[in-house]
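Before any comments, here is the structure.
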Amino acid sequence: MTTLHRPRLLPALALALLAAPAALAEDGFPAVKFSGFASIVAGQIVNHAAPGSDPEPGKSGPIYLADWSNWGAYSKTLSLQPESRAGAQAVVSFSESLRFTGQMVVRGTDSTPALTWAYVAYDLSPEWELQVGRKRIPLYYYSDFQDIGFSYPWVSPPPEVYGWDATNYNGASLRYKTVLGSTTVAASVFGGKETVKESRYMISAGLSKADVTWSNIQGGDLEVTKDWLTVRGVFIQADPSVVDRLNSANNYQQKMTAYGLAANGDFGNLFVLTEFAQNNRTSAGYETKAPCYTVGLGYRLGKWTPFLNFAEYRETTTNPSYAPVSYMRPSLTLRYDVASSASLKLQVDRYLEYRGTAFTTDSTVVRLALDVVF
Amino acid sequence: MFRPDPIPNPTLDPDTMEWTMTVHASLRNALLLLLLLGGASVQAQTVVIVSTKNPVSKLTADQLSQLFLGQATTYYSGGRAEPLDQPEGTSSRQEFYGKYLNKSQAQMKAYWSKLAFSGKGMSPMVLANSSEVVRKVAENPKYISYVDKSAVDASVKVLTIQ
């Protein structure tokens with residue numbers, strides 16, 4: 001199954017190649033840089049309350065959804081499938097200011113390689129950068145590097161905040177960064193569109209052949225770092241719609257606005273990661289709001305990093321026929337840096353529902369992850 | 001500037017086989033030893049270098065950190081800046097990031113993997129060894145890097161980091 005839309009690569013490549021000859025004369029160009037990442041994650045539900053039922057055909061029992069976007073669901077059987085993934089990236093620099101970046105990812109939940117990034121970047125000046133092509137949506141703080149397990153302290157970013165029906169888009173973004181004394185500022189605006197064929201996210205609605213489209217994606221973010229503090233704010237709007245290829249009665253259209261505020265403090269050994277976000281959707285006159293937050297505290301002890309986190313997700317709706325979902329989840333992660341580019345993590349999650357779904361129930365999940373970058 | 005008092009040498013009593021030295025003196029010796037060790041690491045010090053063609057002669061610790069984190073891409077004087085790294089696992093690299101940026105190698109790798117895989121930046125170019133670093137830095141005023149003090153020659157200048 002292909003979850004990510006096959007991109008229109010040709011325009012991006014053509015642009016890169018057209019601009020290339022002028023740059024070829026420069027010293028050391030074109031230059032190619034290859035890199036990659038992988039996370040091998042094993043996990044299972046170790047105990048649970050009342051039984052839930054897995055909506056995927058041929059499966060039974062309750063699940064714990066660690067990754068809504070790709071339907072990475074753990075069950076009572078130990079599995080490597082839900083979150084294991086590997087990616088490879090190539091950056092071709094045609095000059096000091098023109099680059100093409102391509103990134104492919106394979107997942108346990110989708111063995112067909114998906115093109116997650118394919119864009120041309122042009123530095124208009126040291127401060128301004130234009131990117132055109134396929135990219136990840138920079139929705140919340142970890143969204144655009146969510147696959148890079150090595151870069152964060154959890155096994156995966158909290159699904160309370162990071163679990164939406166589109167993760168990538170085809171479009172353009174303009175980014176600005178500058179330094180004001182000891183303060184660094186980065187801001188961007190972006191816009192585009194995404195279609196996810198046979199979205200695995202829609203398994204949650206019992207739809208196995210539904211396409212999700214986010215059209216009219218428009219957003220902007222601002223990130224400020226000073227000394228130990230990093231703050232990022234984001235606002236985004238889009239028009240999500242669903243087309244069920246099996247039954248058009250399931251089709252719908254929405255208007256979405258979302259905003260997020262992340263504040264991270266790094267005090268050397270002690271560090272704090274917090275994020276608050278809210279996703280609002282209007283459909284057929286009804287509004288559903290989903291505020292969520294995550295708060296985590298970590299301490300670096302040489303190669304060891306214990307990390308304690310608490311996250312919560314609470315939906316409210318004006319639609320009387322929709323049962324809003326709410327849950328909370330304390331978790332404890334122990335990270336060990338095996339090498340400067342590899343880490344092992346053990347995480348225990350206690351998932352507790354205020355009001356759950358038919359396929360989940362209060363449960364305890366244990367995961368072990370090996371994250372590498374190269 | 002202070003001048004330490006003369007410190008008596010500890011003496012071994014041949015009868016009791018005990019070191020005779022006052023507690024104060026042993027504490028003071030320990031402090032002196034620390035100072036000496038500190039002094040020794042200054043001798044084997046990692047220094048920050050640019051080309052002699054670069055007009056910059058000093059940077060604040062913040063400015064240095066911003067350049068090696070890819071946050072700033074120009075010197076405060078306006079010229080384009082590009083950091084260069086020593087190979088992973090070398091003592092110069094560990095000492096540089098530990099001393100000036102207060103970051104371990106794993107933290108730096110995590111930082112760059114976050115940027116590199118989300119289209120926000122590329123980690124510095126890595127050169128084979130100190131002599132390559134000195135050669136590359138000397139040829140272009142945009143480069144900034146770090147080497148052991150012993151590897152510095154007349155083609156590069158050592159920056160003062162405040």
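How many percent of the alpha carbon pairs in segment A:158-298 exceed a separation of 27 Å? The answer is 32 percent, as a whole percent. Under the convention that each Lys and Arg Cβ holds +1 and each Asp and Glu Cβ holds -1, the size of the dipole of the protein assembly as shown around its Cα centre is about 680 debye. Using the Cβ of A:L352 as centre and a radius below 15 Å, the other residues enclosed give a net charge of -1, where K and R count +1 and D and E count -1.
3J(HN,Hα) couplings calculated from phi for segment B:112-128 with the Karplus curve 6.51 cos²θ - 1.76 cosθ + 1.60 (θ = phi - 60°) are, in sequence order, 6, 5, 4, 6, 5, 8, 10, x, 10, x, 10, 5, x, 5, 9, 9, 5 Hz; Gly and Pro show x.
Within the accessible surface of segment B:46-161, defined with a 1.4 Å probe on protein heavy atoms only, the carbon and sulfur portion equals 52 percent. Computed from backbone phi with θ = phi - 60° and the Karplus coefficients 6.51, -1.76 and 1.60, the 3J(HN,Hα) list for segment A:58-64 is x, 10, 9, x, x, 10, 10 Hz; x is used for glycine and proline. In terms of overall dimensions, the C-alpha atoms belonging to segment A:35-75 reach 44, 22, 16 Å along their principal axes, ordered largest to smallest. Of the residues making up segment A:324-345, those losing 50 Å² or more of accessible area when the isolated chain is joined by the remaining protein chains, with a 1.4 Å probe, are A:S340.
Using the crude model of +1 on Lys and Arg Cβ and -1 on Asp and Glu Cβ, and no other charge, please compute the dipole size for segment A:240-374 relative to its Cα centre, in debye to 20.
Magnitude of the dipole: close to 80 debye.
When Rg and the Kirkwood radius Rh are both evaluated on Cα atoms of segment A:138-191, their ratio Rg/Rh stands at 1.04. The separation of segment A:311-374 from segment A:55-77, counted between C-alpha centres, amounts to 13 Å.
Here segment B:43-98 and segment A:219-295 have alpha carbon centers that stand 37 Å from each other. Given +1 at the Cβ of Lys and Arg, -1 at the Cβ of Asp and Glu and no other charges, the dipole of segment B:46-161 around its Cα centre is 220 debye to the nearest 20.
If you take the alpha carbon atoms of the protein assembly as shown and fit the smallest convex hull around them, that volume is 189 Å³ per residue.
Along the charge dipole of chain A, Cβ charges K/R +1 and D/E -1, which of A:P153, A:P240, A:Y201 sits furthest on the positive end? Positive-most Cα among the choices belongs to A:Y201.
Which whole-number percent is the relative contact order of segment A:124-226 (Cα, under 8 Å, 6+ apart)?
25 percent
Amide H contacts for A:V338 (H built 1.01 Å from N in the peptide plane; partners 5 or more residues away or on another chain; cut-off under 5 Å): A:S343, A:L344.
Using a cutoff of 8 angstrom between alpha carbon atoms and counting only pairs six or more residues apart, the relative contact order for chain A works out to 16 percent.
Computed per residue of the protein assembly as shown from DSSP H runs no shorter than four, each worth -39500 (n - 2.57), the mean residue ellipticity at 222 nm is -4500 deg cm²/dmol.
Which one, A:G61, A:S97, A:A311, projects farthest toward the positive side of the charge dipole computed for chain A from Cβ point charges (K/R +1, D/E -1)? Sorting the options by dipole projection puts first A:G61. Using a cut-off of 23 Å between Cα atoms, the listed pairs A:K33/B:K142; B:K114/B:K136; A:K255/B:K120; B:K53/B:K136; A:K209/A:K289 include B:K114/B:K136; A:K255/B:K120; A:K209/A:K289 as exceeding that distance. Enumerate the calculated ³J(HN,Hα) couplings along segment A:304-314 in order (Karplus 6.51 cos²θ - 1.76 cosθ + 1.60, θ = phi - 60°), each rounded to whole Hz, writing x wherever the residue is Gly or Pro. Along segment A:304-314, the couplings run 9, 9, x, 9, 10, 9, 9, 9, 9, 9, 9 Hz.
Within segment B:46-161, all pairs of alpha-carbon atoms sorted by distance into 5 Å bins from zero give the percentages 2, 12, 24, 26, 21, 11, 3, 0.
When peptides B:69-79, A:129-139 are sorted by average Cβ neighbour count within 10 Å, with the highest value leading, the order is A:129-139, B:69-79.
Could you tell me the relative contact order of segment B:46-161? Use alpha-carbon pairs under 8 Å, at least six residues apart, and round to a whole percent.
On the way: 192 pairs, mean separation 56.7, N = 116.
That works out to 49 percent.
The values are calculated or read from the model by the stated rules, or taken from the named source; none is laboratory data. Because the structure is predicted, anything quoted here is derived from the model rather than measured. Using ideal geometry, Cβ is built from the backbone for each residue, glycine included, and neighbour counts are taken over all protein chains shown. Protein only, heavy atoms only, side chains kept; ligands, DNA and RNA dropped before computing areas. Shrake-Rupley method; radii C 1.70, N 1.55, O 1.52, S 1.80 Å.
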